[in-house]
Amino acid sequence: MPENKNLNNKSKMIGKQSLLFNSPPYIIGASSITGKKEGEGPLGHLFDAVIEDPLIGKETWEEAESEFMKQAAEKAIQKAGLTNKDIRYLLAGDLLGQLIATSFGIAELNIPFFGLFGACSTIGEAMSIGSILIDGGFADKVLAITSSHFAGAEKQFRYPLDYGNQRPYSASWTVTGSGAVVLSKNNSNDGGAIRVKGITTGKIVDFGIKDPMNMGAAMAPAACDTIKSHMEDFGLEAQHYDKIITGDLGYVGSDILIDLLKEHNIDISSNHMDCGKEIFDQESQDTHAGGSGCACSAVTFTGYVLKQLQEGTWKRVLFLPTGSLHSKVSYNEGNTMPGIAHAVIVEAE
Amino acid sequence: MEYVKAFLVGGAICALVQILLDCTKLMPGRVMVILVCTGVFLGALGIYEPFAEWAGAGAGVPLTGFGNVLFKGVKDAIDKEGFLGIFKGGFTASAVGISSALIFSYIASWFFNPKMKS
Amino acid sequence: MGNDKNVDVSKVVREKDTKTRNENYNQYVNQITPKNSLPKNMIGAFLVGGIICTIGQFFTNYYMSMGADKEAAKSYNTITLVFLSILLTGIGIYQKIAKFGGAGTLVPITGFANSVAAPAVEYKKEGHVFGIGVNIFTIAGPVILYGIFSSWVLGLIYYILKQLDVM
């Protein structure tokens, strides 16, 4: 057996729930494939592909979501200049029961696979675990990917699409699409490097919200807890980051998050951004509280945030996808909606 | 005149139910159940039928009217057939509404596909 | 409802007892979440519900003028409204009216029809038996169950009172 030559064995653990990587993984490729409505939104021109047909040529919503994921995976691998064989692990998940969008979407890729469920925080979870695998020496290249589809999510969590109902102001709009990130031990890009410096893994936080039409309120306390722990673990101020980017709190949840953090003497009102607020134009697109779903934070990160880092507009961001861990069964049984948020430090060098 | 009554009464019932929807977070499915049961109850108390006579379709078309018809069916069946009527009347009275909804919906599923919202 | 007490977010963060904290948080969320305008929604519901009932009155009158007795005319009216609702659902119009009409599209029998047609269309991909067959009543099933059950209970009471010569 070869001897472990890694002498740099100092602990990567920081504080209670954070990690600081010894050799931070590079983001060498990323992709964003979205549906029509997302394409018509303010970030539409930034996505790799906007697909008009919501079924993307398939028979069902579930198969369509799988196709979005497959195309996003292939695009990200291609943009990283790699082939499927180069990817050591695939970390992926979606919102549908038993992750069927993922399983059927990525089966053909022939890449060793870990399925993840973190609801809409999945891309944060996948990037976290992917970075751990790379920094730990267990992989050299990892693909983190997630997807969601408006119609599939409506069918599973709410009503059949043709059912007539009114959506309250606090309801969000599930983003149709898929976003993928290729993490690598070595930088293959010629230009500047973008690296995942560290992570803070979220705990399940439950403040007793039961209204599935107000997911922002259910997730905001989880985001607050993760940001607070992050700042404590690393001994940082909120202003350390050019942007603190939450996943899909939307308009309602973002206001709550800022309020809650102020009580902990953390002021993010000037550098907070929420993917759910960015991806749609609330006024003209009638999206109420904003976008949500796994793809919301994934495509906003890959389509918009990474470009800002590449272009040097921002140097350092805290990316914090948020998820509401409820199901139709837990709702019917009268349970609350626990939230989670996984923070990832992304820096441009 | 009957059209005005139908419009005003039907509209008023819907507007009241809108308060229930907006202020209580009750899901539409629950509201439909509440409406039908209210109709059954008011029918049994002998209140809904005179009201429906007066308001016409304004009281007949809302689901409360459906509930009223259900009870009326049970009552008529009991009057005619005694004990068995308790079990028979409800479905007899609601047969037209339920069957037409089932049959047309099934046929609709052959021709139509779910539509993405935009 | 009706708790006008202003809950400050500090009462959420500082509260040590989880149950009280959650109650405070729910109240605070309720306060800061913008609501749809109730008067506007009520006007929508009034207009749409009123119009559907007026159309129902029109059909009832029409069938009576064709020679049907009053009860038969009402039944023909039900069939007509259900048919129109399902047709409008199939071509994607009922949902658009519902966005504006709210309870105005939910309360009439057309809302019941929409709740049967929507899952029938949605679940066709999962097959005729386990897709459409099982799911067709996902929304409307409770209406039928509790309608039948409540009328059975009250019918039973009516039957007993009748046997006792009270009625």
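The values are calculated or read from the model by the stated rules, or taken from the named source; none is laboratory data. Since we're looking at a predicted model, the values are computed, not measured. Ideal geometry is used to build each Cβ from the backbone, glycine not excepted, and the neighbour counts take in all protein chains shown.
Structural remarks
- So C:Gly44, is it within 19 Å of B:Tyr3 (Cα to Cα) and either buried (at least 22 other Cβ atoms within 10 Å of the Cβ) or facing another protein chain (nearest Cβ under 9 Å) (or both): yes
- Pairing residues of the range C:9-21 that are farther than 17 Å from A:Asp225 by Cβ and among the aromatic types (Phe, Trp, Tyr) with residues that are modelled with pLDDT under 95 and surrounded by 11 or more Cβ atoms within 10 Å (Cβ to Cβ), at Cβ distances under 8 Å and at least 6 apart in sequence or on separate chains, gives no pairs at all.
Listed here are the residues, each with its yes/no results for (1) under 28 Å from A:Pro168 (Cα atoms); (2) free of Cβ contacts under 8 Å to residues at least 24 places away in the same chain.
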| site | (1), (2) |
| --- | --- |
| C:Val29 | yes, yes |
| C:Lys40 | yes, yes |
| C:Cys53 | yes, no |
| C:Thr60 | no, yes |
| C:Ile93 | yes, yes |
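Residue-wise test of (1) free of Cβ contacts under 8 Å to residues at least 60 places away in the same chain; (2) assigned by TED's automatic domain parsing to the domain that holds A:Val317; (3) at negative phi.
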{"residue": "A:Asp206", "(1), (2), (3)": "no, yes, yes"}
{"residue": "A:Leu236", "(1), (2), (3)": "yes, yes, yes"}
{"residue": "A:His240", "(1), (2), (3)": "no, yes, yes"}
{"residue": "A:Gly247", "(1), (2), (3)": "no, yes, yes"}
{"residue": "A:Gly250", "(1), (2), (3)": "no, yes, no"}
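- Some residue of the range B:17-24 being within 19 Å of C:Gly155 (Cβ to Cβ) and surrounded by fewer than 17 Cβ atoms within 10 Å (Cβ to Cβ): no
- Test: residue in the range C:3-12 that is assigned by TED's automatic domain parsing to the domain that holds C:Ile109, on the phi < 0 side of the Ramachandran plot and surrounded by fewer than 16 Cβ atoms within 10 Å (Cβ to Cβ): no
- Residue list for the range B:79-93, restricted to those being within 7 Å of another protein chain (Cβ to nearest Cβ) and buried (at least 22 other Cβ atoms within 10 Å of the Cβ): B:Ile86, B:Gly89, B:Gly90
- Number of residues in the range A:283-299 that are crowded, with 24+ Cβ neighbours inside 10 Å and either farther than 20 Å from A:His230 by Cβ or in the same structural domain as A:Lys155 (by TED's automatic domain parsing) (or both) equals 11.
Okay, residues lined up against (1) more than 18 Å from B:Val36 (Cα to Cα); (2) hydrophobic (A, V, I, L, M, F, W, C); (3) under 13 Å from the mean Cα position of the chain (by Cα):
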{"position": "B:Pro62", "(1), (2), (3)": "no, no, yes"}
{"position": "B:Phe66", "(1), (2), (3)": "no, yes, yes"}
{"position": "B:Val69", "(1), (2), (3)": "no, yes, yes"}
{"position": "B:Lys72", "(1), (2), (3)": "no, no, yes"}
{"position": "B:Lys75", "(1), (2), (3)": "no, no, no"}
{"position": "B:Lys80", "(1), (2), (3)": "yes, no, no"}
{"position": "B:Ile86", "(1), (2), (3)": "no, yes, no"}
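- Residue selected from the range A:114-171 under the condition closer than 30 Å to C:Thr89 by Cα and among the aromatic types (Phe, Trp, Tyr), by the criterion farthest from the chain's Cα centre (by Cα): A:Tyr163
- Helices (runs of 4 or more DSSP H) enclosed by the range A:73-189 - at least 1 residues per element that are over 30 Å from A:Met337 (Cα atoms): A:122-135
- Exactly one residue out of C:Val12, C:Val7 is part of a helix (DSSP H, G or I), over 30 Å from A:Pro160 (Cβ atoms) and at pLDDT below 95, and it is C:Val12.
- Single match in C:Lys74, C:Lys35, C:Lys40 (criterion: touching a helix residue (DSSP H, G or I) at 6+ places or on another chain (Cβ under 9 Å), at pLDDT 95 or above and not aromatic (Phe, Trp, Tyr)): C:Lys74
- In the range A:188-235, the residue that is surrounded by the fewest Cβ atoms within 10 Å (Cβ to Cβ) out of those that are closer than 30 Å to A:Ala73 by Cα and more than 22 Å from the chain's Cα centre (by Cα) is A:Asp190.
- Selection of strands (runs of 3 or more DSSP E) fully inside the range A:205-320 by the criterion of at least 2 residues being touching a His at 6+ places or on another chain (Cβ under 8 Å) returns A:243-246, A:316-320.
- Qualifying positions in the range C:92-151 - in contact with an Asp or Glu (Cβ under 9 Å, 6 or more places away or on another chain) and more than 10 Å from chain A (Cβ to nearest Cβ): C:Gly131, C:Ile132, C:Val134
- Test: residue in the range A:5-13 that is buried (at least 16 other Cβ atoms within 10 Å of the Cβ) and at pLDDT 95 or above: no
- Number of positions in the range B:20-39 that are in a helix (DSSP H, G or I) and either more than 7 Å from chain C (Cβ to nearest Cβ) or among the acidic types (Asp, Glu) (or both): 7
- From A:Asp94, A:Asp140, residue being in contact with a Lys or Arg (Cβ under 7 Å, 6 or more places away or on another chain) and in the same structural domain as A:Ser23 (by TED's automatic domain parsing): A:Asp140
- The single condition among (1) of a type in the set (A, V, I, L, M); (2) more than 7 Å from chain C (Cβ to nearest Cβ); (3) in contact with a Cys (Cβ under 7 Å, 6 or more places away or on another chain) that B:Ala57 does not meet is (2).
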